[in-house]
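The values are calculated or read from the model by the stated rules, or taken from the named source; none is laboratory data. All values reported here derive from a predicted model rather than from experimental measurement. Glycine also receives a Cβ, built like all others from the backbone with ideal geometry; neighbour counts cover every protein chain displayed.
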Amino acid sequence: MRTLSNETARRIAVTKQRLAGNRPPASSEGIMDVVESLGYLQFDPIRVVDQSHRLVLWSRLGPYDPTDLDHLLWEERRLFEDWAQTSSIVPTDTYPIFSALKRSFATGNTPWAKRIRGWTEVNVEFRNYILDRLGNGPLFSKDFVDKAVEDWQSTGWTAGRNVAMMLNILRAQGHIMIAGRQGGKKRWALTEHHLPAWVSRKKLSDREVFHHVAETSLQALGVASPNQVKRHYIRGCCPNIEAVLAELEEADRVTRVGINEDGHRWRGSWYIHTSDLPLLEKLVDSDEWNPRTTLLSPFDNLICDRSRAERLFNFRFRFEVYVPQSKRSYGCYVMPILKGDRLIGRIDPVMDREQRKLKINAVYAEPTADASKETGQAVSAAIESLAIFLGAEKVVYTRHVPAAWQHAFRAIA
């Protein structure tokens, strides 16, 4: 069995995430290249800085035109929105995978599945009304009249939101898709109308789906444990991930490896996709390692699995938007700093769109971070690049900046 150092494991993870090596072009083709490599972009509407899926692309492409992403989604339809890790943007040619998963939506005898089926059956005329309206073209949820015979019961925010609930059920069943967005509002269309003709309608078996999902997940992660493979890409899709990986290993699609850190072997099984073994050989040679410095969205694919990030990078990260200000450790919308194969710190930014200013409330360095002038300049350059992407005319540092890096930043306001 091949044994990797922790450093090599980090390097292949970062490289497979398209955060090292030559940048893809900041174009539509570059966007497709990144999304196909990652498998998905998590959709999140929070705009303290910018929407997460846009930031994930910026971290890999540098400043690009977000209208290229919109064009790929709504005009060319090479991308579409569906449920992967969470609400996500995924390549349209993977639709057969998502279509197969929709077959099992609300089936079985769980209380939740029975509840969905029962509510839909009671409101079958309401369901048919929505489908009939969409037969005439795409519509927003506000365009539908709530004709539910029985309200959706919930202790949460979905209580009584009958139109939204029925639309989400129809989407989960594969009948409708998101065909556009306007000011955050979804525009819905029948799948048969919106899905491009070139997309395969092949019905995949569960085994084909499980294999595809596991391989896509592992290729995006670089090296991973079974649970990490299971949690990534389409979360929880493979109920018995160990059996799936065993089948793939027997077919020579994945390879088992060990990871050593300071002379101690990590516990458990670790895998790499067999197609990535040549890359692994290159990354052992430092001359082939081409690192970059950038900032990461709080939901970036590299760190969305918090326990994996802590294990691989020795970096504890938590999202604090919903934490009371007095109890936050770092800030509202903190972005980790990636330098090479290390997470060396984090920034607390806010984009003031009215004043066209990117405000950096604080810059924090990890205790083990390099305190050199070059590192400070690399972090400063990443912040300046983010400002360009956001359309900020000025970067303002308002509070805390590490003393060792301070000379590399503009004056604190």
Got at least one residue in region 45-66 being more than 20 Å from residue 338 (Cα to Cα), surrounded by 18 or more Cβ atoms within 10 Å (Cβ to Cβ) and in contact with a Phe, Trp or Tyr (Cβ under 7 Å, 6 or more places away or on another chain)?
no
Screening 119, 74 for residues that are in contact (Cβ under 8 Å) with a residue 60 or more places away in the chain, aromatic (Phe, Trp, Tyr), surrounded by 12 or more Cβ atoms within 10 Å (Cβ to Cβ) and over 21 Å from residue 235 (Cβ atoms) leaves only 74
Of all helices (runs of 4 or more DSSP H) fully inside region 162-228, the set with 3 or more residues that are closer than 19 Å to residue 40 by Cβ is 162-172, 206-221
If we keep only residues of region 76-98 that are in a loop (DSSP other than H, G, I, E, B) and modelled with pLDDT of 95 or more, then the residue farthest from the chain's Cα centre (by Cα) is 76
Note on residue 329: of the conditions (1) more than 19 Å from the chain's Cα centre (by Cα); (2) over 25 Å from residue 370 (Cα atoms), unmet is (2)
TODO: Tell me, yes or no, whether region 209-230 has at least one residue that is farther than 30 Å from residue 341 by Cβ and in the same structural domain as residue 20 (by TED's automatic domain parsing).
DONE: yes
Scanning region 135-154 for residues that are part of a helix (DSSP H, G or I), touching a helix residue (DSSP H, G or I) at 6+ places or on another chain (Cβ under 8 Å) and over 15 Å from residue 169 (Cα atoms) gives 143
When restricted to 4, 101, 19, 73, the only residue touching a helix residue (DSSP H, G or I) at 6+ places or on another chain (Cβ under 8 Å) and assigned to a helix (DSSP H, G or I) is 101
Checking 216, 107, 191 in turn, the sole residue that is among the β-branched types (Val, Ile, Thr), under 25 Å from residue 236 (Cα atoms) and at pLDDT below 95 turns out to be 107
The residue from 378, 369 that alone is touching a residue at least 24 places away in the same chain (Cβ under 8 Å), hydrophobic (A, V, I, L, M, F, W, C) and in a loop (DSSP other than H, G, I, E, B) is 369
Practice problem: Say whether the condition of being assigned to a helix (DSSP H, G or I) and more than 30 Å from residue 24 (Cα to Cα) is met by at least one residue in region 57-69. | Solution: no
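One line per residue, one yes/no per condition, for (1) outside the structural domain of residue 207 (by TED's automatic domain parsing); (2) of a type in the set (Val, Ile, Thr):
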position: 250; (1), (2): no, no
position: 255; (1), (2): no, yes
position: 274; (1), (2): no, yes
position: 283; (1), (2): no, no
position: 298; (1), (2): yes, no
position: 302; (1), (2): yes, no
position: 306; (1), (2): yes, no
position: 309; (1), (2): yes, no
If we keep only residues of region 15-38 that are of a type outside the set (Val, Ile, Thr) and in contact with a strand residue (DSSP E or B) (Cβ under 7 Å, 6 or more places away or on another chain), then the residue farthest from residue 215 (Cα to Cα) is 19
Expected output for region 285-312 (first residue closer than 21 Å to residue 40 by Cα, partner buried (at least 18 other Cβ atoms within 10 Å of the Cβ) and among the hydroxyl-bearing types (Ser, Thr, Tyr), Cβ below 6 Å, 6+ apart or cross-chain) is 294/59; 296/59; 297/52; 299/52
Filtering region 346-396 down to residues that are among the basic types (Lys, Arg) and in contact with an Asp or Glu (Cβ under 8 Å, 6 or more places away or on another chain) yields 356, 357, 359
Here the residues within region 42-71 that are among the aliphatic types (A, V, I, L, M) and touching a residue at least 60 places away in the same chain (Cβ under 8 Å) are 46, 48, 49, 55, 56
Contact list, first residue from region 139-158 and farther than 18 Å from residue 124 by Cα, second anywhere and loosely packed, with under 12 Cβ neighbours inside 10 Å, beta-carbon distance below 8 Å, six or more apart or interchain, is 140/182; 140/185; 142/185
Looking across region 350-377 at residues that are under 20 Å from residue 52 (Cβ atoms) and basic (Lys, Arg), the single one that is surrounded by the fewest Cβ atoms within 10 Å (Cβ to Cβ) is 353
Filter region 288-326 for residues that are closer than 29 Å to residue 267 by Cα and among the acidic types (Asp, Glu); the one that is nearest to the chain's Cα centre (by Cα) is 300
